[in-house]
Each structure stands twice: as C-alpha cells, then as structure tokens.
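Q: Before I ask anything, let me first share the structure, which is written out below as structure tokens.
The numbers here are math on the coordinates, done by the rules we state, and not lab data. Since the structure is predicted, the reported quantities are computational estimates derived from the model, not experimental observations. Here the Cβ positions follow ideal geometry from the backbone for every residue, glycine too, while neighbour counts run over all protein chains shown.
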Number of protein chains: 2
Amino acid sequence: MSLTFESDDLHASLRDETLGSVSFLNEVMRRYPDAISFAPGAPHPTLYDDLDVPGSVNRFVEHLQTERGLSRTMALRALYEYGPSKGLINELVASALAEDVGLSVHPNAIVITVGAQEAMLLVLRALCRSPNDFLAVVEPCYVGMIGAARVLGVPVVPVEGGARGVDVGEIRRATARVRKAGGRTRALYVAPDFANPSGVIMDEVARRELLEAARAEDLVIIEDMAYGFTAPPAARIAPVKAFDGGDRVVSIGTFSKICMPGARVGFAVADQTVSRRFGPTTLLADEMALIKGMTTVNTSPICQALIGGLLLAEGGSLGARARATGARQRSRLSHLLDVLDRELHDSEMRGRVSWNRPDGGFFVRMQLLVEVDGALLEICARAYKVLWTPMRAFFVERGGERELRLSASYLDLSTIDEGVRRLKAFVSSLPR
Amino acid sequence: MSLTFESDDLHASLRDETLGSVSFLNEVMRRYPDAISFAPGAPHPTLYDDLDVPGSVNRFVEHLQTERGLSRTMALRALYEYGPSKGLINELVASALAEDVGLSVHPNAIVITVGAQEAMLLVLRALCRSPNDFLAVVEPCYVGMIGAARVLGVPVVPVEGGARGVDVGEIRRATARVRKAGGRTRALYVAPDFANPSGVIMDEVARRELLEAARAEDLVIIEDMAYGFTAPPAARIAPVKAFDGGDRVVSIGTFSKICMPGARVGFAVADQTVSRRFGPTTLLADEMALIKGMTTVNTSPICQALIGGLLLAEGGSLGARARATGARQRSRLSHLLDVLDRELHDSEMRGRVSWNRPDGGFFVRMQLLVEVDGALLEICARAYKVLWTPMRAFFVERGGERELRLSASYLDLSTIDEGVRRLKAFVSSLPR
C-alpha cells in the first residue's frame, strides 16, 4: 500500500530541521563510516567498562527483598511484571537528588521515564491542554524538546537566551507575542547547566531572575538537568528548582550521561499540585504517570533495577560517579578547545572561523562565514571525512544558519586531534 | 505551586473513563489488598519461573559478536549505548513472525517499541497528521488505543464489532459519520484474535470482509496481535496482514504476554510506502522511527537483547513458548468459565447475570442488571473483597453500562474458585 500525504504533513509539522536532521545525520554517518564524527552527544563508551549490569540488577533485587520482606522469586517478579507507571526506584532517585544536587523532593513527586525524552513529552502533555497553550524554549534549544512539542502539536515560541542563558526582556517579549496570537505561554524550557548546544551556564543571579520572570508571567519552568554533572567543582550551581520560588519548576534528569543510555531511564520532578474544577487535587507527577500509561505504560523495571543497583552501590548517590565522569568529559572538551586553538588560530584562519569556550557540557559552538546546512555537511563528509551537526536544527523558526555544533564527548583524544586537522582542511577550503 | 485547569482539561480530553479508570482501579486495588482481583490483564507470574534473564542477554551478546564480528566489549557497547530508533532485533522478530504466525516481512519494515503501547502511539501519529484525520476503533476497544488517541488529540469514532468482530455496514456508517463531520477516517483499529475485552475471534471470512471494507473506504487497518497465541491450535487463523490485501495492515505485537511485561518490548510491522509531495519515498516504519526519536529515542537495547536471546534460544521462534503459555492461559480461562457455570448458573441466579464463553484470550465479559461503575466496584471491593473492571472504559462514547470484565490470566485456579464464590455473593446482593 502506498500512502500519500500532502505537504502539510508530518514532516512539515515536525519540521525537517528538527527530526529530519537527526535521521539525515544518521544516514550520512552510515554512508561515511570512516568519517570522524563530532556529531553524537553520547557519553564516551569507556563509561561502561567498569559496569557490572547483572550485579547491579541483583543488588537492587536484594534491596527489594530486604526492604519489602520479599522472597527472591517475588522480588524478581516485581522486575518482570508490569510495574507502577510512576516508577519503582523513586525513593532512591529522591535520595540521590538530595545528596548529589541538593534538591529535596518527596518520592511521590517523581516520575521515572524512558529517558529524559519521555519526561519532556509527558510534562508537555500534562501542562499544555488546549491548542492555545504555548511552550516557550530558550534558544538554541535541544532538538528533543522541540520535537516532543511537534509530536503533540503544541505550538512553540522561541526566547533568545543570550550570553547569560536568560534574558528577562526576551521572555516578556515572547509571552506578549503569544498573547497577541490569542495564546497563553504555559511553560518555558531551559537547560541551565552548559546547555546543549549553547554551552551557557546560568549563574545564580540569572537563575533568580528566571524564577522572578516565571512568577511575573505565571509560567512553569521546565529545567533540563542533563549536563549539571560536567560543571567544574567550583562552578557547580544548585538546580533552579532548589532556589526560592522553585516550586514552579519541573526538573527533568537522565541517567544516560553518567550511567548508560541503553538503560533508557530518566525522570521528572513534578511536585506542583493540580486542582481541577471537578475531581480531587493531585500532583503534576500523578497526571504525568496517567499519561505515561498511554505512552509506554511503565519504564522497564529491569532497567530501573539496573540504575537502582548503581545508586545503591554508592549509598544512594551517584555523586562520585558523576564527579569522575564529569572530570573525564571536561578533559575531553578542554582537549578539543586546545586543539582548535592550536590548529585554527593562525593568521590564515583569522576571521574565517570562531567558536565559544564553555567550561562544561559536551559541546562547542562554531561559527563559519558560509551557510551551514545538510548539503555542506555532505560535502564535508565526502571530501574531508569529518562530521558535525548543523546548528539550525536547534532553532524553532530561524537561526544558526552559519553555525555548527561539535561534540567532544564520544571521541578519544587522538581522534579529536585528527578530527580537528580534517576540520581545518575543510574550513580552509571554504570561500572567504 | 498550584496549577488550576478548567473543565476542558486533560481529564476531559483523555476522558476519565479511559485513563481515570486505570488509576482508579489501581487505587482501589491498593486500598483493598486482600481483595481477589479479576482486573489485571497481566500474564500469570509463573511465566517467569523458567526465565534466565542474564543468560538470555548473554546469548544475544554472543550472537552480536558472531553476526557482526565484534569483540565482547564492542558487543556489550551496542547494548549500553543509544541504539537505532528502529530497533536492534528486527531480523530476529521478522524470522519469528514468519515462523510462528506465517507473516513474511522485511526487517526494515519493523519498528521495535516500548511495548505495544508505544507502537499504537507511533502508528497513530504517523497516520493521523491533520486535525481532521480520525481513528476508527472496533468496540469494545482496548483502553490503551483510545488513550493513545486522546494523548495525541486524534478524534476517535467507534465501530460496533458485533459477534463476528467486524460488521462492514458499521464500518461504512462510521466513515460516513466522519465525512459528515468534515473529517476523514484514516485507520481502523481491530484486535482480531480474542480481543480485549470482547473475546471475539474473527474468522477467515470476517478477515477478508474487513480487508475489502478497508479497501473500499481507503483505510489503514491497525491490527493488534496480542492474544493470537491463546487460540486453540485448531482455531488458529493467520493475521489479517497475511491475507490478500494485507498490505494495508499495520500489525502490532508485544512480547509482554509470552515473555515478560517488564522488558517493555513490542513492535509494529509497517511496510507501507509513504510518498510526500516533497522529499523521498520512505516506509511507514521509517516515519514511526522518526517520531520515536521524539518519544523515547530508542527501546532499551538491553531489554531488546533479553527478548532477542529468548528468540535465539528457540531457533528464532517463540512458537513453542507461545503454545505452552497459550495452553496454560486457556486452562485458566476454561477453569473460570467452568466455575462460573457451576456457581452462577442456578435458578436463584437465572436472569440476573450472564457472560460470554470465549475459546481464547484472557477475558470474560459479564452482564448484570444494574449500572456497573466505579461506585459499584468500590462497594464490591469493600463488602465482597473481589475486583473486576467496569466495561464502560472500553467504549468511546457510551456502552457497557451494565457490564464488567473478568480476567483469569493472573490468578491461580484455587484463587479463581474463591473469587467466583465472592462474585456470587456480590451478584446475589444486587437488586433484581
């Protein structure tokens, strides 16, 4: 059977630059397997070398036995059966949040999700209930958040983040624009710690300003905590949710970057109370769990047990693991920045290429003098055997046209060296 | 923070009878832990007693090493990293479909999903791209399908299934009703094998009529294969997709009922070609994978490895496992029917209660003379310590008001005996 869709189809609604770029990138990577790719935002694979997956799962099973007085058979059943939509390891996650990032929340306010991606989908659906409910996003913005909004048909309004990661005037302008269109801005998505892809970290003052603006505009803040662990120890800042007024923040996290992506375990902290004209008052986390029943039913209890076991191994904390992983990722990032300085900073290159110098996160943002799109990536892959991500995918309407994103997270140091040499050859070939 | 939503809120759009009933049921089960519950549609927990989870995962890892010439470290990385959105075990699933249900499909046309639930969400989003695209569902209908439509805001039109599981006249009436409302019926959801909750199996003639009606009305059929394995060997019928004209069928399956729900692995077969005014022709499975990138990114490769290992253990088939599990579930169902006959068929009960007698599936549909709702369930739980599911949750608009669903799948035979005795006491207490 052949299905034909009009131009106002899925791809238009999902916007090719958002979703299309992901599959296009995968396709290019597949066709040029010997290219060095600065594209993936995945953790370095050595992260898994010391992981004992069966051992971790088993540790959690023993914990269940002790905690609930279960036989081994009954504890295993809790892993193999359907589980509660809200999750199985909520208490362990709550204790890790308190221990590791100073966020004190009740386990009932946590929903365990299939990665941070599902958390984004669920919180969006729980908050944006009418076609006039808009999501605002600080730009450039993680494609997964824009994509979740596209999947649900939630309209998105961009907010320029600027050098501090937040600009109160820009927030005000965005909400005014939405009001003018007859809508209401329900939530604002922000990644305060070395955002993907901007690399900006919001300082304490910026976080307070953000909360003040959210209060003034009556917004929920959706805070993505993915890269907080990459901050240098001295630069670490508490999550926005931990500040005064943080009760209007929903915090989203993932275990993909410090444990493993393959577990597909993330979470949301959603302790807002929800009142309805009819029906009882609930927590936003309960509403998200209700919706989760219709997206994935529950997050695999086996995968939750794996993460739970890792948490138990370090006394209900991922602090030590996060610090070690963060340090390794920072050294990779600073190596990339050093090599860029060495290779691309000579007089021949001056004015043709520039980049930012973040202290954490996985990403470097690079500016060229030419249009950066899929066609240029294709040329670069074929002729120079090096890959990166066009920046335009991270903008809602337009932006990033002459920029690209480099990720240092997945590559060995020597591969970074060779990759930058190839990048130099590529940049040298571009018209001035 | 307290959020207030108007009455046109999530619960209205998701409809309390759909989602609310699930959480209400969980809540009632939590409050009456000593009640016998005929509610869960979960497989009997002895299903897991012979499963060797680490062994299964390991078998798949060894398969990856051989298949792709990988070291053990590299094969393990494929499980621990992000994986392809489309899946990691597509070839094994394709071979099992050919072997076990006679469905011959290319691995590229398969998407591995987080349970059948995510497959429903993805196929719906891939097919229904404008607000005027309707989903038709054969009623009574699995709540998860109605729920997925509610989450995405896809309008749903009911089609009365009747005793044969399909009524061509009803399909025509539903599509005409949609057209009159300015819409287009894009797809029809049907569970041809002992549907949850109707217990109806569509015979070969009915399957052909369904396909003919789908052709005439230009619908995609979404076929849910969940309960096919419970058919008595002589009554087994090929999936609708395997019949002539089956190219317009998307088949959805799950490993929850014959392997384990906790793996959260399901799949969709979507081999339709998709043409767009702009852009290349793709498979519907590719479009679903693209959307999956924005819902869960990918299905946990560890969980896929577990299922893959089980498939490998039996030579790329789940046939033997499905037959054994199916036989055990049938014996549980026929035991429930026998006990109902024995306990509820006396003269005192005549005319007050009736039920169907399906040959497969997990469920019995029971009719009473009174309104069956949450309030009645609450009374039954408190006073008679027995639980069931009100049937109204399975209807889009209205229906099932005096019916309930009993599941025999999760209970031991002796518990079924005691549960039916309690049901009898409950039914006896109802006004005539």
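Q: Kindly express, to the nearest 10 degrees and within the range 0 to 90, the angle between helix A:413-429's C-alpha long axis and the longest C-alpha principal axis of chain A.
A: Helix A:413-429 sits at roughly 40 degrees to that axis.
Q: Here's a follow-up. Residue by residue, what Karplus-based ³J(HN,Hα) values in Hz, rounded to whole numbers, does the stretch B:363-370 have, using 6.51, -1.76 and 1.60 with θ = phi - 60° and x for Gly and Pro?
A: 10, 10, 9, 10, 9, 10, 9, 10
Q: Compute a Gaussian network model of chain A, connecting alpha carbons closer than 10 Å, and tell me which residue from A:D34, A:D359, A:D271 fluctuates the most.
A: Maximum among the listed residues: A:D34.
Q: Pull out a ≥ b ≥ c, the square roots of the eigenvalues of the alpha-carbon gyration tensor of the stretch A:77-171, then state rounded if a/c is under 1.5, prolate if not and a/b is larger than b/c, and oblate in the remaining case.
A: oblate
Q: Taking the label point 7 Å from Cα in the Cβ direction, how far apart in nm is A:H106 from each other copy of itself, listed shortest first?
A: 5.4
Q: Sticking with this structure for a sec: Can you pull the mean other chain C-beta count within 10 Å for peptide B:114-125?
A: Per residue, the number of nearby Cβ atoms from other chains is 4 on average.
Q: Pull up all non-local amide H partners of B:I36: gap of 5 or more, or a different chain, and H-to-H distance under 5 Å with H placed in the peptide plane.
A: Amide H to amide H, under 5 Å and 5 or more residues apart or across chains, B:I36 pairs with B:V386, B:L387.
Q: Here is a further query. Explain nothing, just compute: Karplus ³J(HN,Hα) = 6.51 cos²θ - 1.76 cosθ + 1.60, θ = phi - 60°, for every residue of the stretch A:39-45 in order, whole Hz, x for Gly and Pro.
A: 7, x, x, 8, x, 4, x
Q: Please find, in a Gaussian network model of chain B (springs between Cα atoms separated by less than 10 Å), the residue of B:R276, B:R248, B:R179 whose mean-square fluctuation is greatest.
A: B:R276
Q: Quick one: check the C-alpha center-to-center distance for the stretch A:26-57 versus the stretch B:82-143, whole angstrom.
A: Spelled out, the Cα-based centre of one part sits 26 Å from the other.
Q: May I pose another question? Assume the label is 7 Å from Cα along Cα to beta carbon: what separations in nm does B:R184 have to the matching positions in the other copies?
A: 3.3
Q: Reachable lysines from B:K385, Cα under 25 Å, same-chain residues fewer than 8 places away excluded?
A: B:K424
Q: Assign unit charges at the C-beta atoms only (+1 for Lys and Arg, -1 for Asp and Glu), then state the dipole size of the protein assembly as shown relative to its Cα centre in Debye, rounded to the nearest 20. Write out the running numbers ahead of the final one.
A: Details: 100 positive and 104 negative charges, 151 e Å.
Value, rounded to 20: 720 debye.
Q: If you don't mind, another one. What trypsin sites (Lys or Arg not before Pro) in the stretch B:321-385 are in a loop by DSSP, with at most 12 other Cβ atoms within 10 Å of the Cβ?
A: Answer by residue number: B:R350.
Q: Another one. For the charge dipole of the protein assembly as shown, defined by +1 on Lys and Arg C-beta atoms and -1 on Asp and Glu C-beta atoms about the Cα centroid, which residue among B:V154, A:Y384, A:A126 has the Cα displaced farthest towards the positive pole?
A: B:V154
Q: In percent, what relative contact order does chain A have, based on Cα pairs under 8 Å that are 6 or more apart in sequence?
A: Here the relative contact order equals 24 percent.
Q: Continuing with this model, one more query. Given the C-alpha centroids of the stretch A:164-233 and the stretch B:360-391, what is the distance between them in whole angstrom?
A: 48
Q: Point me to the residue of chain A whose C-beta lies closest to the A-onto-B rotation axis, rounding the distance to whole angstrom.
A: Residue and rounded Å distance to the axis: A:P54, 2.
Q: Given H placed 1.01 Å from N in the peptide plane, which residues other than close sequence neighbours of A:E160 have an amide H under 5 Å from its amide H?
A: Those lying under 5 Å, H to H, from A:E160 are A:E139.
Q: Give the cross-link partners of B:K292 among the aspartates and glutamates, using a straight C-alpha distance below 17 Å as the criterion and excluding same-chain residues fewer than 8 apart.
A: In chain and number order, the partners are A:D9, A:D16, A:E17, A:E27, A:E118, B:E81, B:E118, B:D271.
Q: Quick one: with label points 7 Å out along Cα→Cβ, list the inter-copy distances for B:A163 in nm, shortest first?
A: Once sorted, the set of distances for B:A163 reads 8.0 nm.
Q: Determine, from the Cβ-Cβ distance of B:E401 and B:R184 and an R0 of 41 Å, the FRET efficiency 1/(1 + (r/R0)^6), rounded to the nearest 0.05.
A: The computed FRET efficiency comes out at 0.85.
Q: With a cut-off of at most 16 other beta carbons within 10 Å, and DSSP calling the residue loop, which GluC sites (Glu not before Pro) in the stretch B:357-432 qualify? Please list them.
A: For GluC sites (Glu not before Pro) across the stretch B:357-432 that sit outside H, G, I, E and B with at most 16 neighbouring Cβ atoms in 10 Å, the list reads B:E371, B:E397, B:E401.
Q: Sticking with this one: Return the long-range amide H neighbours of A:Y189 (sequence gap of 5 or more, or a different chain), with a cut-off of under 5 Å between placed amide H atoms.
A: Under 5 Å from the amide H of A:Y189: A:A136, A:V137, A:V138, A:I222.
Q: To continue, here is another question. Tell me, what HN-Hα J-couplings in whole Hz come from the Karplus equation 6.51 cos²θ - 1.76 cosθ + 1.60 at θ = phi - 60° for each residue of the stretch A:84-94, using x for Gly and Pro?
A: Going residue by residue, I get x, 4, 6, x, 10, 10, 4, 5, 5, 5, 4 Hz, with x marking Gly and Pro.
Q: Would you calculate a helix-derived [θ] at 222 nm for the protein assembly as shown, using -39,500 (n - 2.57) for each DSSP H run of n ≥ 4 and dividing by the full residue count, to the nearest 500?
A: -13000 deg cm²/dmol
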